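*Asks:* Structure below; questions to follow.
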Amino acid sequence: MANISLSEAEKTFILHGVEEDFRCDGRSRRDYRPMELETDLVSNASGSARLRLANTDVLVGIKTEIDKPNYLTPDQGKIEFFVDCSANAAPEFEGRGGEELALELADTLTNAYESPKAFDLKTLCILPGQQCWKLFVDILILECGGNLFDAVSLAAKAALFNTKIPRVTAALMDAGEAELLISDDPYDCTRIQIENLPILVTVCKIGDSCVVDPSAEEEECSIASAVVGVSKRNGKNYISNVHTIGEGSLHKDTMHNCILLGLSAAENLNNELVKALKLEESRVGSKHRNTIGFLK
Amino acid sequence: MTTNVNIRLAIDRVNMGLLAQNQTRAPRLYTPGEVVTGQFGFMKGHGTYVEGEDIKASVAGVMEQVNKLISIKPLKSRYVGEIGDVVVARITEVQQRRWKVDTNSRLDSVLLLSSVNLPGGELRRRGVEDEQMMRKYLQEGDLISAEVQNIFDEGTLSLYTRSLKYGKLSQGVLVKVFPSLVKRRKTHFHNLTCGASIILGNNGFIWISPTVNNEADGGDGGYAQNLNEVIPRADREVIARLRNCILALAHCKMMLYDTSILYAYEESMKYEVHELLQQEAIFDVAFLTQHRLRLQEE
């Protein structure tokens, strides 16, 4: 995303490497770079996560608020994605420079979460037609090292896993207005089921082959990539949305291959993420803990 | 073939600081605002300021003392050029009679048309034709190796490539590290025994490329880029391993020079190339390299 220029010779080197199935850092076409995950590190958010994928750094905070449901969907809550590209990530993002990319990321995520089978908004309903929870998913991009879409969706999913929605103990109707009693205990809360939540997999077409997890240099060599949103239901993977990025176009067969690669990559990605989240929770417990953060 | 995914937790992060602990002569680090010394008898240099009667550090780094001059050399900084430095740089703009070049310093550097070797190695006055051909020689995005010829008053570096060892770079990988990690040596061009060449730019840009036989080329000034040539898999593995080793050493803040890189390369042989992206492997390679370097010193 960040504009880095490469010489023709460097591009050739990367291209031949991808064809050889041996990329510049020794990975094969289907390997991800190691990631680092931490949840619950922003104390004043309902849920938060930070994911670092090589040089890509994403921080997600989730805020819960009570809102009125839409008239058309009285029994559904709301979710809203907002992406902020920090100027720390790339100088081009300064001012309104990152807006286009931020909107693209937020729209892709919204599309992926739109299907009720991927994310059931009914679980966020408190009183049909009267009150519902609204989740604000705020995504901050701190560093760009390629493959933003995957990192952002994984971090969002991790943050949603970490989100604690206060338990509503009683709802009273007072002169047509709903009044909610919310539990005083900060640890008395409900969690969001994350099994079905979609993740995005960017499949980048370089030369004639497709790779997952492109680095910033590899993204520069590709003219088109497909972002495949994959949601898991009953142990099977389903596509929730597909989005193409880059100025080039993809042939029908390539698109098919991209989607298949995306589906199989998402399977492992999802399993590893859930495993890591469960492990972290079992190791630290649900109460307060020391955050690791960015330093050290 | 399945996708390799590895998500680790931040609580398991490997503490790279452990490497510094077993160093016997670890340099003292100063943080901004820390008192370096009393003002009397000393002069303040770069990276310091005077408050009250003390000289304090204004950047995080190590102290350097030249007689009475106290300066703090920052650990992380942009490249501060010195005449004679070898740099690896990228062309950002083609202008009249000069190229704008990114050398990782605070200001863009310049490469004058008169300070390049024209293809064919001719020595003559640069005419209008040469000016019009400039983009043919070097265009935006191209990487070059060069030497710092001059530093202008405002800090802009002027580069030159009038030697056959400098010039345009062909296929290979660029690695970016902090300039302070590159050790100053007599030579920054190395043909490593493991089968690749590296250029350790003083500006923190390191170029890794397959070894080519320069004598066979005949002096074309290094402007030929063979884009059709496919680098064989074996060379590619060496280059990727070197890249990961250099990044591992840089991650652990170890100095980069031919010996340390070669040791790291040898110590890394027990890992697969892609495994060197993992924190444990990075730590292990850096630890073993540090150990070997210390043994060699004694």
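*Asks:* Counting only helical runs of four or more DSSP H residues, what would the 222 nm mean residue ellipticity of chain B come to if each run contributes -39,500 (n - 2.57) and the total is spread over all its residues?
*Replies:* -6500 deg cm²/dmol
*Asks:* Would you please name the trypsin sites (Lys or Arg not before Pro) within region B:103-160 that are DSSP coil residues with at most 16 other C-beta atoms within 10 Å of their C-beta?
*Replies:* Answer by residue number: B:Arg106, B:Arg124, B:Arg125, B:Arg126.
*Asks:* Let me ask something else. Within 10 Å of each Cβ in peptide A:13-23, how many partner chain Cβ atoms are there on average? Round it to a whole number, please.
*Replies:* 5
*Asks:* Checking buried surface per residue: for region B:168-193, which residues lose a minimum of 30 Å² accessible area in the protein assembly relative to the chain alone (1.4 Å probe)?
*Replies:* Residues shielded by partner chains are B:Gln171, B:Gly172, B:Val173.
*Asks:* Follow-up. What do you get when you divide the Cα radius of gyration of chain B by 2.2 N^0.38 Å, with N the number of residues?
*Replies:* Normalised by 2.2 N^0.38 Å, the Cα Rg of chain B equals 1.14.
*Asks:* Now for a different question. Can you tell me how region B:66-115 classifies by the Cα gyration tensor, rounded, prolate or oblate, using a/c under 1.5 as the rounded cut?
*Replies:* It comes out prolate by the Cα gyration axes.
*Asks:* Hey, what angle do you get for helix A:99-114 against the long axis of chain A, alpha-carbon based, 0 to 90 degrees rounded to 10?
*Replies:* The angle comes out at about 60 degrees.
*Asks:* Can I ask one more? I need the chymotrypsin sites (Phe, Trp or Tyr not before Pro) found in region B:2-109, filtered to DSSP loop residues with at most 16 other beta carbons within 10 Å of theirs.
*Replies:* Listed in order of number, the matching sites are B:Phe40.
*Asks:* Continuing with this model, one more query. Counting pairwise Cα distances across the protein assembly as shown, what percent come out greater than 34 angstrom?
*Replies:* Roughly 50 percent, rounded to a whole number.
*Asks:* Now for a different question. What number, in percent, do you get for the relative contact order of chain B if the mean sequence gap of Cα pairs under 8 Å and at least 6 apart is divided by its residue count?
*Replies:* 14 percent
*Asks:* Roughly how much accessible area, to the nearest 100 Å², goes out of reach of solvent when A and B pair up, both sides summed, probe 1.4 Å? Each step should come with its number before you reach the end.
*Replies:* Numbers: alone 15310 and 17230 Å², together 28550 Å².
Counting both chains, the buried surface is close to 4000 Å².
*Asks:* Taking the Cα centre of region A:8-284 as origin, work out the dipole magnitude from +1 charges on Lys and Arg Cβ and -1 charges on Asp and Glu Cβ, in debye rounded to 20. The partial results should precede the final answer.
*Replies:* Numbers: 27 positive and 46 negative charges, 223 e Å.
Result for region A:8-284 is approximately 1080 debye, rounded to the nearest 20.
*Asks:* At 0.36 nm per residue, and after removing the present C-alpha to C-alpha distance, how many nm does the segment from A:Asp185 to A:Leu260 gain when stretched out fully?
*Replies:* Numbers: separation 75, 0.36 × 75 = 27.00 nm, distance 4.61 nm.
Here the answer is 22.4 nm.
*Asks:* Rounded to the nearest 0.05, what FRET efficiency is calculated for B:Gln296 and A:Leu72 with R0 set to 51 Å and r the Cβ-Cβ distance? Don't skip to the answer; put the middle values down first.
*Replies:* On the way: r = 74 Å, r/R0 = 1.45.
Approximately 0.10, to the nearest 0.05.
*Asks:* What percentage of the solvent-accessible surface of region A:8-284, computed with a 1.4 Å probe over protein heavy atoms, is contributed by carbon and sulfur atoms?
*Replies:* Exposed carbon and sulfur together represent 48 percent of the surface.
*Asks:* If you take every DSSP beta bridge whose two residues both sit in chain A, what share of them, in percent to the nearest 5, is antiparallel?
*Replies:* Of all bridge pairs located within chain A, approximately 85 percent are antiparallel.
*Asks:* Here's another thing I want to ask about it. Accessible area per residue of the protein assembly as shown at 1.4 Å probe, in Å²?
*Replies:* Details: 28550 Å² over 594 residues.
Heavy-atom accessible area per residue stands at 48 Å².
*Asks:* With the alpha-carbon atoms as the only input, what is the per residue convex hull volume for chain A in Å³?
*Replies:* Roughly 150 Å³ of hull volume per residue.
*Asks:* At what distance in angstrom do the alpha carbon centres of region B:58-76 and region B:77-109 lie from each other?
*Replies:* That distance is 24 Å.
*Asks:* Show that you can apply the helix-only estimate: for chain A, add -39,500 (n - 2.57) for every DSSP H stretch of four or more residues, divide by all residues, and state [θ] at 222 nm to the nearest 500.
*Replies:* -9000 deg cm²/dmol
*Asks:* Over all directions, average the projected area of the Cα convex hull of region B:1-65 and note it in nm².
*Replies:* Working: hull surface 33.0 nm².
Taking the Cα atoms of region B:1-65, their convex hull projects to 8.2 nm² on average.
*Asks:* Out of the total accessible area of region B:29-75 (probe 1.4 Å, heavy atoms of protein only), what percent is carbon and sulfur?
*Replies:* 57 percent
*Asks:* Chymotrypsin sites (Phe, Trp or Tyr not before Pro), restricted to region B:135-176: which are DSSP loop and have at most 14 other Cβ atoms within 10 Å? List each step's numbers first, then the result.
*Replies:* Working: sites: B:Tyr137, B:Phe152, B:Tyr160, B:Tyr166; in loops: B:Phe152, B:Tyr166.
Within region B:135-176, the qualifying chymotrypsin sites (Phe, Trp or Tyr not before Pro) (loop, at most 14 other Cβ atoms within 10 Å) are B:Phe152.
*Asks:* Just for region A:31-141, what percent of DSSP beta bridges are antiparallel, to the closest 5?
*Replies:* Percentage antiparallel, nearest 5: 75.
*Asks:* How are the C-alpha pair distances of region B:62-208 spread across 5 Å bins, as whole percents from the shortest bin up?
*Replies:* Bin by bin from 0 Å, the calculated values are 2, 9, 19, 21, 20, 13, 8, 5, 3, 1, 0.
*Asks:* Next question. For region A:78-85, in order, what is each residue's ³J(HN,Hα) by Karplus, 6.51 cos²θ - 1.76 cosθ + 1.60 with θ = phi - 60°, in whole Hz (x at glycine and Pro)?
*Replies:* Each residue of region A:78-85 in turn: 10, 9, 9, 9, 9, 10, 10, 8 Hz.
*Asks:* Let me spell out the model: positive unit charges on the Cβ of Lys and Arg, negative unit charges on the Cβ of Asp and Glu, origin at the Cα centre of the protein assembly as shown. What dipole size does that give, in debye rounded to 20?
*Replies:* 1220 debye
*Asks:* Just to make sure I understand: if all protein chains stay in place, what is the order of A:Asp174, A:Asp57 by accessible area at 1.4 Å, largest first?
*Replies:* Result, largest first: A:Asp174, A:Asp57.
*Asks:* Just order A:191-197, A:256-262, A:27-33 by mean Cβ neighbour count inside 10 Å, highest at the front, would you?
*Replies:* A:27-33, A:256-262, A:191-197
*Asks:* Another one. What ratio of Cα Rg to 2.2 N^0.38 Å holds for region A:175-296?
*Replies:* 1.48
*Asks:* Which FRET efficiency value, to the nearest 0.05, is calculated for B:Val212 and A:Arg96 with the Förster distance at 35 angstrom and r the Cβ-Cβ distance?
*Replies:* After rounding, the FRET efficiency stands at 0.15.
*Asks:* Can I ask one more? Can you find, among A:Gly235, A:Leu124, A:Ile182, the residue sitting farthest towards the positive end of the charge dipole of region A:8-284, where Lys and Arg contribute +1 and Asp and Glu -1 at Cβ?
*Replies:* Comparing the listed Cα positions along the dipole, A:Gly235 ranks first.
*Asks:* Can I ask one more? Name the residues of region B:227-247 whose accessible area, probed at 1.4 Å, falls by at least 50 Å² once all protein chains are in place instead of their chain on its own?
*Replies:* Relative to the lone chain, where solvent access is computed with a 1.4 Å probe, region B:227-247 loses at least 50 Å² at B:Leu227, B:Arg233, B:Arg236.
*Asks:* Kindly flag which residue pairs out of A:Lys232/B:Lys176; A:Lys134/A:Lys232; A:Lys122/A:Lys275; A:Lys117/A:Lys252; A:Lys252/B:Lys100 have an alpha-carbon separation exceeding 31 Å in this structure.
*Replies:* Exceeds cut-off: A:Lys232/B:Lys176; A:Lys252/B:Lys100.
The values are calculated or read from the model by the stated rules, or taken from the named source; none is laboratory data. Remember, it's a predicted structure, so these values are computed and weren't measured experimentally. Every residue, glycine as well, gets a Cβ built from its backbone with ideal geometry; the counts of neighbours run over all protein chains shown. These area figures cover heavy atoms from the full protein model, side chains too; ligands, DNA and RNA do not enter into them. Shrake-Rupley method; radii C 1.70, N 1.55, O 1.52, S 1.80 Å.
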